[in-house]
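Read the structure below first, then the notes.
The values are calculated or read from the model by the stated rules, or taken from the named source; none is laboratory data. Just so you know, these numbers come straight off a predicted model, no measurement behind them. In this analysis, Cβ positions are derived from the backbone assuming ideal geometry, glycine residues included, and neighbour counts consider all displayed protein chains.
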């Protein structure tokens, strides 16, 4: 009896040792800092001295024009990129799932930018959109369309959309690849059935294709959303958050208050908690909605 | 009428649009390649033409300014160690989670999943404190440990899916033959997981290679800088020297391009895991 008990514990311990290494690194370097952020967000901490200030940081946030602008920008970036990237990705997948000459080349080239650092992509597009020697303005000038020339990255209203479009350009292939896999998983017989029932064109897409790629849709939309809410590199490379703070996202503003213009670490922590709360709530809502759609099938 | 989606002929309008989309994806890459071998004057005169004469002067300059060999070594070292260690640990954790599958392990799985939505900006500030406590600021170990922690959630998530596909019978046979848990895992399970481990490793290597904020914050020592941080720091100095920047971009991207061409299959299978209902 005693040895049996001991053996069971020994087995449990062995299993636990499989889990512990990964868990330890995750706990110490990710979860612990995350949790301590919650405490720091209630303090006025500059990296050296900290005093407890309660919810003052959170109150300040809602009166800070720069912060409110960054939340508005993040909303625009997230909605814009998620919709465009998944919409265009799906369209490209629907076309590129067919077999024709050049299809593999097209898929590879459209996917390629995704593997590169978004910082480098930012530099390249920064050159293309450069106002004086950039390709876009030069080309417009050469075609006599001078009136369309613009400071693509210096006029806030345009610059924000450039960030959306360039990120879409880079990550479109990622969604496309997921959707192609989803489309390839649809059994051929269903389309044959659909044909007999007279489902063609858009109706076929609406009632057969779209419901059946639901798992691909869930993954692509959810991961895009999570990534876009934390958009950083593109902005850092393209506009640096400027002009002023007109194109800052929440992620870049946290960097700015924490490491850029000052060391308001307590304030930065409060911002990061707020960002996390937003991501958590949106992810849970989105996954619940999309999963329910999957189950209904 | 043919029912299959994949065999229908593509109307010319759509084919045209696809070629435009493809061209839009090729052009910036060509631009970088062409601009990096042109003189500054040539580039300023006609930024979208072909080079009049080739010059490799910028590659040589970028090679020196970025301390290419050293920063390439630094990045490679960080990427290999953090990804190698993380993937083995994640595979072990995934194995325990899938095989035990009781309340505790399921809770641990959820705990790992939560890590996928934690933004780096959230840990960024307190991590500075953690690294100070362990005296890991400006050390490779510090950065590697953080990468192991931050890559663990997604790796565990992907590997759990793959472990479910490993048949139990083989392990049970080994256990009956007197093979211990660890030996069973390292001799039988891990080799069976090789395609999955490769997939997860490749995705993680890309993540580490392309990451920039973490090494910029915690590895500011110029001798330990990673390659992307080197480029970012000289981008600030030579702001308008586009040829030089593009030569640097080419040199950073080259190793990843090679890995991509070799391991494309693994990248695609990692990205699409979960996209089709099993």
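Filter region A:85-109 down to the residues that are in contact (Cβ under 8 Å) with a residue 40 or more places away in the chain and under 18 Å from the mean Cα position of the chain (by Cα), then identify the one that is nearest to the other protein chains (Cβ to nearest Cβ).
Just the residues of region A:85-109 that are in contact (Cβ under 8 Å) with a residue 40 or more places away in the chain, to begin with: A:85-86, A:88-90, A:92-94, A:96-97, A:107.
The next check asks that each one be under 18 Å from the mean Cα position of the chain (by Cα); those that pass are A:85-86, A:88-90.
Values: A:85: 13, A:86: 13, A:88: 8, A:89: 11, A:90: 12 Å.
Going through the qualifying residues, I end up with A:88.
Hey, which of the helices (runs of 4 or more DSSP H) in region B:111-212, taking only ones fully inside, have at least 3 residues that are more than 8 Å from chain A (Cβ to nearest Cβ), within 30 Å of residue A:49 (Cβ to Cβ) and under 24 Å from the mean Cα position of the chain (by Cα)? Please lay out each step first, then the result.
On the way: elements: B:120-133, B:140-163, B:168-176, B:181-184, B:194-210.
It comes to B:140-163.
Could you tell me whether region A:273-288 includes any residue that is in a helix (DSSP H, G or I) and more than 18 Å from the chain's Cα centre (by Cα)?
Restricting attention to region A:273-288, the residues satisfying the condition of being in a helix (DSSP H, G or I) are A:273-288.
Now restrict to residues that are more than 18 Å from the chain's Cα centre (by Cα): A:288.
Checked region A:273-288: at least one residue is in a helix (DSSP H, G or I) and more than 18 Å from the chain's Cα centre (by Cα).
Being over 16 Å from residue B:116 (Cβ atoms) and surrounded by 17 or more Cβ atoms within 10 Å (Cβ to Cβ) is the filter here; which residues of region A:273-293 pass it?
Hits for region A:273-293 are A:273, A:274.
Filter region A:1-57 down to residues that are buried (at least 16 other Cβ atoms within 10 Å of the Cβ), out of contact with any strand residue (DSSP E or B) (no Cβ under 7 Å at 6 or more places or on another chain) and in contact (Cβ under 8 Å) with a residue 60 or more places away in the chain, then give me how many there are.
7
Is there a residue in region B:16-24 that is under 29 Å from residue A:34 (Cβ atoms), without any contact (Cβ under 8 Å) to a residue 12 or more places away in the chain and outside any loop (DSSP other than H, G, I, E, B)? Outline the logic, then answer.
Taking region B:16-24 and keeping what is under 29 Å from residue A:34 (Cβ atoms), we get none.
No, that holds for no residue.
Yes or no: residue B:60 more than 30 Å from residue B:195 (Cβ to Cβ), surrounded by fewer than 19 Cβ atoms within 10 Å (Cβ to Cβ) and at the interface with another protein chain (Cβ under 10 Å from one of its Cβ atoms)?
Numbers: more than 30 Å from residue B:195 (Cβ to Cβ): yes; surrounded by fewer than 19 Cβ atoms within 10 Å (Cβ to Cβ): yes; at the interface with another protein chain (Cβ under 10 Å from one of its Cβ atoms): no.
When the stated conditions are applied, residue B:60 does not pass them.
Going residue by residue through region B:243-264, is there one that turns out to be surrounded by fewer than 22 Cβ atoms within 10 Å (Cβ to Cβ), more than 18 Å from the chain's Cα centre (by Cα), over 30 Å from residue B:173 (Cβ atoms) and more than 10 Å from chain A (Cβ to nearest Cβ)?
no
Looking at region A:61-82, can you tell me whether even one residue there is within 10 Å of chain B (Cβ to nearest Cβ), surrounded by 16 or more Cβ atoms within 10 Å (Cβ to Cβ) and either assigned to a helix (DSSP H, G or I) or in contact with a helix residue (DSSP H, G or I) (Cβ under 7 Å, 6 or more places away or on another chain) (or both)? Before the answer, list the steps.
Initially, region A:61-82 is screened for residues within 10 Å of chain B (Cβ to nearest Cβ), giving none.
Checked region A:61-82: no residue is within 10 Å of chain B (Cβ to nearest Cβ), surrounded by 16 or more Cβ atoms within 10 Å (Cβ to Cβ) and either assigned to a helix (DSSP H, G or I) or in contact with a helix residue (DSSP H, G or I) (Cβ under 7 Å, 6 or more places away or on another chain) (or both).
Output the residues belonging to region A:237-266 that are at the interface with chain B (Cβ under 10 Å from one of its Cβ atoms), in a helix (DSSP H, G or I) and more than 18 Å from the chain's Cα centre (by Cα).
A:257, A:258, A:259, A:265, A:266
Out of curiosity, is residue A:173 in a helix (DSSP H, G or I), free of Cβ contacts under 8 Å to residues at least 40 places away in the same chain and either within 12 Å of chain B (Cβ to nearest Cβ) or within 17 Å of the chain's Cα centre (by Cα) (or both)?
Working: in a helix (DSSP H, G or I): yes; free of Cβ contacts under 8 Å to residues at least 40 places away in the same chain: no; either within 12 Å of chain B (Cβ to nearest Cβ) or within 17 Å of the chain's Cα centre (by Cα) (or both): yes.
When the stated conditions are applied, residue A:173 does not pass them.
Residues being part of a helix (DSSP H, G or I) and more than 14 Å from residue A:118 (Cβ to Cβ): count how many of those fall in region B:217-232.
If we filter region B:217-232 for residues that are part of a helix (DSSP H, G or I), which is where we start, we get B:217-218, B:227-232.
Remaining after also requiring more than 14 Å from residue A:118 (Cβ to Cβ): B:217-218, B:227, B:229-230.
Residues in region B:217-232 being part of a helix (DSSP H, G or I) and more than 14 Å from residue A:118 (Cβ to Cβ): 5 in total.
Would you pick out the residues in region B:247-261 that are closer than 24 Å to residue A:181 by Cα and touching a helix residue (DSSP H, G or I) at 6+ places or on another chain (Cβ under 9 Å)?
Correct list: B:256, B:257, B:259, B:260.
Step by step: first the residues of region A:214-233, then only those that are free of Cβ contacts under 8 Å to residues at least 60 places away in the same chain and within 9 Å of another protein chain (Cβ to nearest Cβ), then the one that is farthest from residue A:125 (Cα to Cα). Which residue is that? Reasoning before the result, please.
If we filter region A:214-233 for residues that are free of Cβ contacts under 8 Å to residues at least 60 places away in the same chain, which is where we start, we get A:216, A:219, A:223, A:226-227, A:230, A:232.
From what's left, within 9 Å of another protein chain (Cβ to nearest Cβ): A:216, A:219, A:223, A:226, A:230, A:232.
On the way: A:216: 30, A:219: 28, A:223: 24, A:226: 24, A:230: 20, A:232: 15 Å.
If we take residues in region A:214-233 being free of Cβ contacts under 8 Å to residues at least 60 places away in the same chain and within 9 Å of another protein chain (Cβ to nearest Cβ), then A:216 is farthest from residue A:125 (Cα to Cα).
Could you tell me which residue of region B:233-242 is modelled with the highest pLDDT, considering only residues that are assigned to a helix (DSSP H, G or I) and more than 8 Å from chain A (Cβ to nearest Cβ)? First the steps, then the outcome.
Residues of region B:233-242 assigned to a helix (DSSP H, G or I): B:233-237, B:242.
Okay, now just the ones that are also more than 8 Å from chain A (Cβ to nearest Cβ), so B:233-234, B:236-237.
Values: B:233: 82, B:234: 78, B:236: 70, B:237: 69.
Filtering region B:233-242 for residues that are assigned to a helix (DSSP H, G or I) and more than 8 Å from chain A (Cβ to nearest Cβ), the one modelled with the highest pLDDT comes out as B:233.
Restricting to region B:73-107, count the residues that are part of a helix (DSSP H, G or I), out of contact with any helix residue (DSSP H, G or I) (no Cβ under 6 Å at 6 or more places or on another chain) and farther than 23 Å from residue A:232 by Cβ.
Number of matching residues: 11.
For residues in region A:1-51 being modelled with pLDDT under 85 and assigned to a strand (DSSP E or B), which is farthest from residue B:94 (Cα to Cα)?
Among those residues, the one meeting the criterion is A:51.
Would you mind stating whether residue A:203 is more than 10 Å from chain B (Cβ to nearest Cβ), in a helix (DSSP H, G or I) and without any contact (Cβ under 8 Å) to a residue 60 or more places away in the chain? Before you say what the answer is, go through the steps one by one.
On the way: more than 10 Å from chain B (Cβ to nearest Cβ): yes; in a helix (DSSP H, G or I): yes; without any contact (Cβ under 8 Å) to a residue 60 or more places away in the chain: yes.
Criteria met by residue A:203.
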